[in-house]
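The values are calculated or read from the model by the stated rules, or taken from the named source; none is laboratory data. This is a predicted model, so every value here is computed, not measured. In this analysis, Cβ positions are derived from the backbone assuming ideal geometry, glycine residues included, and neighbour counts consider all displayed protein chains.
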Amino acid sequence: MSFDSPQLVDAAQRFRDTALIIRDPGSGAIGVAFGQTPAGVEHLATLPPLFPEWLGNRGFCETHGVRFPYVGGAMANGIASPAMVIALARSGMLGFLGTAGLSLHQMEEYLRVTSSELDAHGASWGANLIHSPQEPGLEMATVELFLRHGVRRVSASAFMRLTPAAVRFSASGLAAGPDGETRRPHKLFAKISRPEVASAFLSPPPLRILDELVAQGLLTRDEARLARDLPVATDLIVESDSGGHTDNRPLSALFPVIAALRSEIAREHPGAAQVHLGAAGGLGTPEAVAAAFALGADFVLTGSINQASVEAAQSPTAKAMLAQASFSDCTMAPAGDMFEMGVEVQVLRRGTLFAQRARKLFEIYSLYDGIDEIPPEIRERLEREIFQASMEEIWSQTADYFRDADPTQLQRAESDEKHRLALVCRWYLGLSSKWSIQGTEDRRMDYQIWMGPAQGAFNQWVGGTFLEPWEHRQVAQMALNLLEGAAVVTRAHQLRTYGCPMPPAAFQWVPRPIELG
C-alpha cells in the first residue's frame, strides 16, 4: 500500500503490474496497492498493466511485423548501417538503411548484407529514398535498385513535392486480392514537416504521373488503376525540429495539424484514415517519447541520436563529439544536396567550423555568377581556408566524380558558369560529412555532423549511467531505455490523473541494461 512519495515513485516503476487506486477513508489520501485491496481502504479504480509495446498503435506493429512501435531513421551516407538496422530488427523494431548519399553500388552492398541477415527470419527493415532535385535520374535509379532487390519498405525523405519515383515504388506490385481488398506489398514512409507535402502523400497519386509511368512501362495498367484509390504513403513521419533536413517546427504544434489534415483528406479519400502517423524530431528522452505518444503518434522515430551508437557507421571522433554535445550545440548550415535552393540542415556547432564555412560558400554563390568573377583576395582565402587546394584542382576532382555519377551536370556546367561554381561549392559540402564518417584528422574542423537538440537532451539524461560513454551506446539499448522510460512517465501521469500526488521523481527513468523477455 503506497501513500508516501517513495512508494508512489515505485508504483510508477511497476508499470507492468496491475495497480489499484485506493483511498484512506480517514485522511482522504489517495495511493496505490498491488494484488488485493488492503482492508480498511476504499478501492477507487484499477489500472491494468502497461507495456512499451502498447504505447503506440498495435496496428502499426502488426502491419510491419515488429514488436515495438519504434523506428530507427535513415541517416545519410550510410551512417544508418546494416549493423544498426539488423540490431533494431533483432530487437523487434524497424530500421531504415542510410542509403542517401551512397553510390548505387554502395547501396546494393548495404541491401545485400541486410537482406542476407534478416530476410530468412522474416524480420522487417527498409531503406531510404531521398529527394534529389539536382540529380533527377537518381531517384528513379534508386527505386529500380530497391525493386530489383525486393526492398519492401522505403523512407522517402526531404521531398518537397511528389515525384514519379516515389509513386512508382508505392504502386508497384498492387494487386486485387480474392476478398476484394487491394494487396500492397510495398510500404512507403513519407517523412514530412509541411502540410502541403503531407497532403500529396496522403492523397492518391495524380493521374498524369500514373499515366506517365504506364507509358514508360514502369507500372502496369492494373497497378495504376488500383493506385488511383490509395494514398501514396502507408505511413507518415511527422518530423519536427531535428538533425539534418528540418523546418525547425515544434512537434506539439506540427503533429496536431497533420493529424487534422489526415482526417480532412479522409473525407474525400477514405484510405487516408489508414495511414499511420509517426512522430520524429526532438525525441532524446523518455519524457519526449511519452509526449509524442500522448499526442497520438502511432510510432516514434529517432534519428541523429543514433549516430553516437556503437553500430553507426560514423567515426569514433565524431561519436565522441556528439556524446559531449549539449542541447544548444547545434546550428543551421546550407545543405549540399539542395545547395542552390538555399535549403539548410541542422548540424553540430561545437568543435567544428563547417557551418560558418558552408554559409560563406553560399554567400559567394549568391554574389557571383562564376568562379572567375570571385575577387582574387576572396578566392585566395577560400582556397587556403576551405578548399585547401586551388579551385581548378577542386573542379578537376568534381568533374571526375560527375563523369561517372551524372554526366548531365558537366554538360550544364560547360555553358553555365554559375552552375560550375555551385558544383565546386557542393564539393566541400558533400565531402565534409564523409570526412566526419572516415575520421579524417586533418579535416576535423570541417566535419559536417547532423545533429538536433535531442542529442544534447539525450546526453544529459544518460549522464552518469552506463549509456554515457558512446562505446556503450548500443542502438537497441538506447531504444529500449527510451521506451521503458516512456512507459514509466505514462504510468506516472495515469496515477496523477487519478489523484495520486506523484512526486517529480516518479517521472524520471534512470537508464539501465535491459534484456528482452
| field | When residues of region 44-70 are limited to those that are under 19 Å from Ala476 (Cα atoms) and of a type in the set (Gly, Ala, Ser), the one surrounded by the fewest Cβ atoms within 10 Å (Cβ to Cβ) | value | Gly65
| Residue check: is Ser240 polar (S, T, N, Q) and over 22 Å from Asn128 (Cα atoms)? | no
| task | Output the number of residues of region 156-196 satisfying the condition of being among the aromatic types (Phe, Trp, Tyr) and assigned to a helix (DSSP H, G or I). | result | 1
| said: Considering only region 78-90, I want to know if a residue exists there that is of a type in the set (A, V, I, L, M, F, W, C), in a loop (DSSP other than H, G, I, E, B), in the same structural domain as Leu236 (by TED's automatic domain parsing) and at pLDDT 95 or above. | reply: yes
| request: For region 363-394, name all the residues that are of a type outside the set (A, V, I, L, M, F, W, C), touching a residue at least 12 places away in the same chain (Cβ under 8 Å) and in contact with a helix residue (DSSP H, G or I) (Cβ under 6 Å, 6 or more places away or on another chain). | output: Tyr365, Asp369, Gly370
| note | Output for Cβ contacts, cut-off 8 Å, separation at least six or different chains, first residue of a type in the set (Lys, Arg) in region 503-517, second surrounded by 10 or more Cβ atoms within 10 Å (Cβ to Cβ) and part of a helix (DSSP H, G or I), reads Arg512/Asn481
| request: Kindly provide the set of residues from region 96-126 that are buried (at least 17 other Cβ atoms within 10 Å of the Cβ) and of a type in the set (A, V, I, L, M, F, W, C), ordered by number. | output: Phe96, Leu97, Ala100, Leu102, Met107, Leu111, Leu118, Ala123, Trp125
| query | What pairs can you find where one residue is in region 80-96 and farther than 13 Å from Phe299 by Cβ, the other is acidic (Asp, Glu) and in a helix (DSSP H, G or I), and their Cβ atoms are less than 7 Å apart, with a gap of 6+ or different chains? | reply | Ile86/Glu117
| query | Taking the stated definitions as given, is Ala165 out of contact with any Pro (no Cβ under 7 Å at 6 or more places or on another chain), at pLDDT below 95 and crowded, with 24+ Cβ neighbours inside 10 Å? | reply | no
| So, of the residues in region 339-355 that are of a type in the set (Gly, Ala, Ser) and surrounded by fewer than 20 Cβ atoms within 10 Å (Cβ to Cβ), which turns out to be nearest to Asp241 (Cα to Cα)? | Gly342
| Within region 438-456, is there a residue that is at positive phi, modelled with pLDDT of 95 or more and not basic (Lys, Arg)? | yes
| task | Go through region 313-330 and give me each residue that's under 19 Å from Leu431 (Cβ atoms) and crowded, with 19+ Cβ neighbours inside 10 Å. | result | Gln314, Ser315, Ala318, Met321
| field | Unmet criterion (only one of (1) touching a strand residue (DSSP E or B) at 6+ places or on another chain (Cβ under 8 Å); (2) surrounded by 15 or more Cβ atoms within 10 Å (Cβ to Cβ)) for Gln13 | value | (1)
| message | If the requirement is being touching a residue at least 24 places away in the same chain (Cβ under 8 Å), crowded, with 23+ Cβ neighbours inside 10 Å, of a type in the set (A, V, I, L, M, F, W, C) and under 28 Å from Ala171 (Cα atoms), which of these qualifies: Ile237, Ile265, Ile209? | response | Ile237
